[in-house]
Amino acid sequence: MVHSIELVFDAATETTVRDIWAQLAAAGVPSQAPAARPHVTLAVAQRIDARVDGELAAVADRLPIDCILGATVIFGRSHGVLARLVVPTVELLDLHAQVYRVCAPHLLPGPMSNVVPGRWTAHVTLARRVGPAQLGRARRIAGRGEITGRFIGLRRWDGNTRTEYRV
């Protein structure tokens, strides 16, 4: 499993995303509900040294920041990941770059390529393994207008133990 550093939403935004998850599940689409927590991944590696938490405190002081969840997107091919893109503001891109700089020495054996500044696609995952027969229904449910929200915190996620550490 992987470890990651993630942005977490305020309660209202999290509830909105969870509502989409519930609607997808009710429509037979394999959503994230109820096991996960809505988030946006900033850094990911096979392992992240816990010493990074203290160094990320200065980044966490920049929060909260507003966000917009925009268009739906599918990552992958025949059975993809359904997500909503996060509109990339200068503030969000700067925060991501700062997190990456702080985390880089703690990402073991190194960062995964999709989180390197300039290659990162900010998104919140809504469903995994969405097949072609489910795609139209899933996009109709997930893509109903922009969602205005807020990021309020950072967490370090240990995928091995499924443990959240608030920064």
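For the stretch 36-49, state whether one or more residues are without any contact (Cβ under 8 Å) to a residue 12 or more places away in the chain, farther than 15 Å from ARG150 by Cα, among the polar types (S, T, N, Q) and out of contact with any helix residue (DSSP H, G or I) (no Cβ under 6 Å at 6 or more places or on another chain). For the stretch 36-49, residues without any contact (Cβ under 8 Å) to a residue 12 or more places away in the chain, farther than 15 Å from ARG150 by Cα, among the polar types (S, T, N, Q) and out of contact with any helix residue (DSSP H, G or I) (no Cβ under 6 Å at 6 or more places or on another chain): absent. The residues of the stretch 74-94 that are over 13 Å from the mean Cα position of the chain (by Cα) and touching a residue at least 60 places away in the same chain (Cβ under 8 Å) amount to a single one, ILE74.
Just one of (1) within 20 Å of VAL17 (Cβ to Cβ); (2) more than 17 Å from the chain's Cα centre (by Cα) fails for LEU108. It is (1). The selection criterion, being touching a residue at least 12 places away in the same chain (Cβ under 8 Å), touching a Leu at 6+ places or on another chain (Cβ under 9 Å) and either of a type in the set (A, V, I, L, M, F, W, C) or on the phi > 0 side of the Ramachandran plot (or both), does not hold for LEU107. Look at (1) open to solvent by 80 Å² or more (accessible area, probe 1.4 Å); (2) of a type in the set (S, T, N, Q); (3) within 16 Å of LEU63 (Cβ to Cβ) and you find that ASN160 fails only one, number (3).
Within the stretch 122-157, take every residue that is in a loop (DSSP other than H, G, I, E, B) and surrounded by 13 or more Cβ atoms within 10 Å (Cβ to Cβ) and give me the one that is modelled with the lowest pLDDT. Top of the filtered list is GLY143. In this structure, does ARG119 turn out to be under 21 Å from GLY153 (Cβ atoms) and either assigned to a strand (DSSP E or B) or open to solvent by 20 Å² or more (accessible area, probe 1.4 Å) (or both)? The answer is no for ARG119.
The values are calculated or read from the model by the stated rules, or taken from the named source; none is laboratory data. None of the values given here were measured: they were computed from a predicted structure. Heads up, the Cβs are rebuilt from the backbone with ideal geometry, glycines too, and the neighbour counts pull from every protein chain shown. Side chains are part of the model used for accessible areas, which takes the heavy atoms of the whole protein and leaves out ligands, DNA and RNA. Shrake-Rupley method; radii C 1.70, N 1.55, O 1.52, S 1.80 Å.
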